[in-house]
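The values are calculated or read from the model by the stated rules, or taken from the named source; none is laboratory data. This structure is a prediction, so every number in the text was calculated from the model and none was measured. A quick note on method: Cβ atoms are made from the backbone with ideal geometry, for glycine too, and the neighbour counts reach across all protein chains shown. Side chains are part of the model used for accessible areas, which takes the heavy atoms of the whole protein and leaves out ligands, DNA and RNA. Shrake-Rupley method; radii C 1.70, N 1.55, O 1.52, S 1.80 Å.
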Amino acid sequence: MLRAERRSSRSDRSLAQVERRAREARDRALREGNAGRPAVGARYARAGLRQLGWVEDAEQPDASQLPETHRGLAFRMVVILAGWESKQGRTEYGLRLLDRAEALVAADDRGLLLGQRGLLLMRTWRRSDALRFFDEAVALLQGNPAETAALAGTLLNRSFAHLNAGDVRRARRDAMWCQQVAADAGHDLIAAKALHNLGYCELLAGDIPAALQVFNTAASGYTLNGPGMLPVLAMDKARALHAAGLSGDAAAELDAAMDSFRQQRLDYDLAEAELARAEAALAAGEASVARRWAAAAQRRFRRQDNEACACLAELTQLRARSISAGRPAPIVTEALSLAHRLRNCGLSGDADIAELLAARVLIAGGRADEARRLIADGQPIADGQPIADGRRRGQVVSLTAGLLRRLVRAELAEQEGRRGAALAELRAGLATVQARRGRLGSIDLQTGIAAQGAELAAAGLRLALDRGSAPLVFAWLERSRAQAFRVRPVRPPADPQVAAALAELRQLGRLLREAELKGKRDPPMAARYADLRREVAEHDRQASGLGQAAAQASLGEVHAALAESRQNLVGILARHGQMLAVVAGRGSVRLIELGDLEEAAEAARRLNADLDTLAGRRLPARLEAVIRESIRHQTGILTAEILAPLRSSLGEGGVVFVPSGPLASIPWSVLPDLRGRPVTVCPSASSWLAAWRRGQAGATATSPPLLVAGPDLEHAIPEITEIAKIYPGCQPLLAETATVSSTLHALDGAPLAHLAAHGHHDQENFLFSRLDLADGPLMAYDIQQLTAAPRHVVLSSCDVGRTVVRPGEEILGFTAALLYTGTVTVTSSVTRVGDAAAVGMMTAYHRLLAAGTRPAEALAEAALTEPFSPFVCFGGG
């Protein structure tokens, strides 16, 4: 009897040890999988099940072989294993594991089983079945205080299912409920995931800044509790950037996320990211890249038995093919078949896109009747209706679909000879884009979203040119470029974290600059510098817009201002490689054919390269002669292609140029026809008119100007010292007094400011175009913090007049940042600046300004002393 009792005691201890080890494995399986490492989580779940005697490859579980005390634990680990298998792309196998778990489930655990089954069904896009299981699971789990984690997880997954259906209201409700349950019970990682879903709710509702704000908060939670989830969050950030037209930034986020998904064997997320990457490539006009990524996503979704997402990947491939389709009939057939399958999957918005693709091909093929029948039931988007882009479903109407419908209706109206109706559709589509732009506070996003309306703008401009009506072309030129200048600027709110990041960024910028001058590199410091730039850029994008925009300038208003200022305006555009000019002035507007765009653009690039080489260095006499000859040759080409056809139309006054993108950085005063002639450059007639009016309304300056000399620039102190003599009482900032804080403080609302400092145009992100000051760089980002814009800013620095030109002729750069904040006129250089030329020319320029000469006129006269002046007057002039 005693021996039997001892054997029983040893058996109890053995069972207890087995259960303890199995529970440890279960806890580790949960932690690893929830942190974004499902392969590791699955490995621990299997190890725990083996401890309990579970045979994974058995057809049916024999529950009687497991001790009664182990069955509940075995059930939970099978449920966990099913989830992590699904996360790796083996969802059908996960569902079979759940079928086996039915034999082990206790009544109190049934809610857990139903919730997990709902999750796996959702991943295969069986949405209605998934929601039914989620609803049943929530009802069972709600009253069980021991299952708060399961309840929160099920609410989180039901929220995601509603997001996939585009039902933002229900998705938001479940995510907020989940966050409350998780926060009360201390489930920090689930709470972060609920925030993530709330951010996606904002994205689907069309509020991109709010989405980015919430994503940023969720990132903090993931960093502390589940770093493996950060790539999933990055994927949704990429979708937000794609929705704002920043396809390049979206692609960079997705590329990094996909690397992580491959390493973590997250097959389901990898397929989602490949599809998003295809959409970003398509938006960037990279059709072949889009087809490649979409095909990879489609294969992966097929392996996962996810028919709905496979159809979405097929739709992206079809959109890419339609760009260069040679034979329309197969695309029409495929598109209509795909639309039918998408509707069967519950993806009506995406089915609309497939049908609209088919309609466009039919219209192009002259089959207008068929196209009209195809789109007859579709309704255009109202301007105030919630819109979204990226992955969106059901009740939320996609911006892509809405704008595509406008475009198709316009093309149909055009083919039927209803040009007015066609233009009305295009105007309405662009008004929708402008309404979205007004909700964005970041200049980066405001300019990026122009890509969404680029095709509509191009179609409207083409129709106007076909009519040959100069006033109509003028109106469409204004409607199709630099719309961000019409949006009321937003000052980003103060943020201590961002202020600290900026302070460190300046310090690192100064140290990196010093190391660069010594020919040294510091990779860790450079990596930290890049991280800080990313942090500042992300904060900038979270600013919300005011929803206010100035009206587009009318031709009559522009004519009145041009007459008052004795100027003509020349808007340059291109069609089929041929440049045209819309010339407004003297009460009329004319269309004039110019030369070849590529010839002019190449000459402009070579001219700037020659001026860079010539500036600030001693060259061998023969080399200098070759470069000067090249400059004469390039200016001759630009004269022949642009100015010669305009000679009879420009009169003798000043000229306001609204150049096309490749011509945005021409140093106009170098061209012989424009020597001594006032020239102003602006991105649109509307932005010029607004700046001109601000200049006319401003009071005469009574305070001395701000004069700043930056470090390591040979001519800076002599230049500023000479200019200071022109303005009695002026106290320039020199050497160590020329700090960022002192400069910004004096720049705020200054009537006139002159900054002589090393300038750097940042091609990748305009926010970080900068001027080097004593304690680090003054960046374009800082300009947005000014309470009041300075009226007139002179930048006698290299390169800061250069710009990045985005679709829609939206410009970015240090000079543009000043103009966006409301500065009337910016005089800056589009190439490097020679030391001797800067001192003499800038001193002459300020003497003329002090005598009351208008900036553009002063620059024209001062430039007569310098044959190769790289300075341009931007803004109001």
Restricting the range 595-670 to GluC sites (Glu not before Pro) in coil, as DSSP defines it, with at most 16 other Cβ within 10 Å: 652
Inter-centroid distance (Cα atoms) of the range 810-877 relative to the range 328-376, Å: 54 Å
Carbon + sulfur, % of accessible area of the chain - ligands and nucleic acids excluded, 1.4 Å: 51 percent
Theoretical gain in end-to-end length, residue 16 to residue 526 [0.36 nm per residue, Cα-Cα removed]: 178.2 nm
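Could you calculate the contour length gain from residue 185 to residue 370, that is, 0.36 nm times the residue separation minus the distance between their Cα atoms, to one decimal place in nm?
Details: separation 185, 0.36 × 185 = 66.60 nm, distance 5.89 nm.
Taking 0.36 nm per residue and subtracting the Cα distance, the gain is 60.7 nm.
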³J(HN,Hα) computed for each position of the range 141-153 - Karplus, 6.51 cos²θ - 1.76 cosθ + 1.60, integer Hz, glycine/proline x: 7, 4, x, 10, x, 7, 10, 5, 5, 5, 5, 4, x
Relative contact order for the range 744-870, counting Cα pairs under 8 Å that sit 6 or more residues apart, in percent: 22 percent
Dipole of the chain, positive direction: furthest Cα of 114, 820, 771, with charges on the beta-carbon: 114
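Please arrange 742, 128 by accessible surface area, largest first, computed with a 1.4 Å probe and ligands excluded.
Largest accessible area first, the residues go 128, 742.
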Rg to Rh, two decimals, where the range 260-318 supplies the alpha carbon set and Rh follows Kirkwood: 0.97
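Can you tell me, using C-alpha contacts under 8 Å and at least 6 residues apart, the relative contact order of the range 190-310 as a whole percent?
Numbers: 142 pairs, mean separation 19.5, N = 121.
Answer for the range 190-310 is 16 percent.
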Listed residue (661, 222, 318) projecting farthest to the positive dipole end of the chain, Cβ model: 318
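Explain nothing, just the number: dipole magnitude of the range 752-803 about its Cα centre with +1 on each Lys and Arg Cβ and -1 on each Asp and Glu Cβ, in debye rounded to the nearest 20.
Details: 3 positive and 6 negative charges, 48 e Å.
Around 240 debye, computed over the range 752-803.
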Cα gyration tensor category, rounded, prolate or oblate, for the range 820-877 with a/c compared to 1.5: oblate
Residue 129-residue 252 FRET efficiency (beta carbon distance; Förster radius 45 Å; 0.05 resolution): 0.75
Degrees separating the helix 188-204 axis from the principal Cα axis of the chain, which is the longest one: 50 degrees
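Taking only DSSP H segments of four or more residues, each worth -39500 (n - 2.57), what value at 222 nm results for the chain once the sum is divided by all its residues, to the nearest 500 deg cm²/dmol? The partial results should precede the final answer.
On the way: 35 runs with 523 residues, N = 877.
Value at 222 nm, helices only, nearest 500: -19500 deg cm²/dmol.
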Cα gyration tensor, the range 530-675 - rounded (a/c under 1.5), prolate or oblate: oblate
Calculated FRET efficiency for the pair residue 102/residue 511, C-beta based, R₀ 60 Å, to 0.05: 0.40
Heavy-atom accessible area per residue - the range 65-194, 1.4 Å, Å²: 38 Å²
Candidate aspartates and glutamates - alpha carbon under 18 Å from residue 520, same-chain residues fewer than 8 apart omitted: 712
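Report the charge-dipole magnitude of the chain in Debye, nearest 20, computed about the Cα centre from +1 at each Lys and Arg Cβ and -1 at each Asp and Glu Cβ. Please list the in-between numbers first.
Values: 106 positive and 99 negative charges, 287 e Å.
Roughly 1380 debye for the chain.
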Antiparallel bridges, percent of DSSP beta bridges restricted to the chain (to nearest 5): 55 percent
Cα-based reach from residue 237 at 27 Å (exclusive), listing lysines while leaving out same-chain residues under 8 positions away: 87, 193
Point-charge dipole on Cβ atoms (K/R +1, D/E -1) for the range 752-872, about Cα centre, debye to 20: 260 debye
Rounded to 10°, Cα long-axis angle of helix 247-264 versus longest principal axis of the chain: 30 degrees
The range 597-678: C-alpha gyration tensor shape, a/c 1.5 cut-off, then a/b vs b/c: prolate
Over the chain, relative contact order from alpha-carbon pairs under 8 Å, at least 6 apart, %: 8 percent
Acute angle (nearest 10 degrees) that the helix 597-614 long axis makes with the longest principal axis of the chain, alpha-carbon atoms: 80 degrees
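Within the range 693-774, which GluC sites (Glu not before Pro) sit in a loop by DSSP and count at most 15 neighbouring Cβ atoms inside 10 Å? Before the final figure, lay out the partial values.
Details: sites: 714, 719, 722, 736, 764; in loops: 714, 764.
Loop-located and lightly packed - 714, 764.
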Label-point separation in nm, residue 714 to residue 224, each point 7 Å along Cα→Cβ: 5.5 nm
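Just how many % of Cα pairs in the chain lie over 52 Å apart, if you round to the nearest whole percent? Mind dumping the intermediate values first?
Working: 103429 of 384126 pairs.
Of all Cα-Cα distances in the chain, 27 percent exceed 52 Å.
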Dipole of the chain, positive direction: furthest Cα of 728, 250, 375, with charges on the beta-carbon: 375
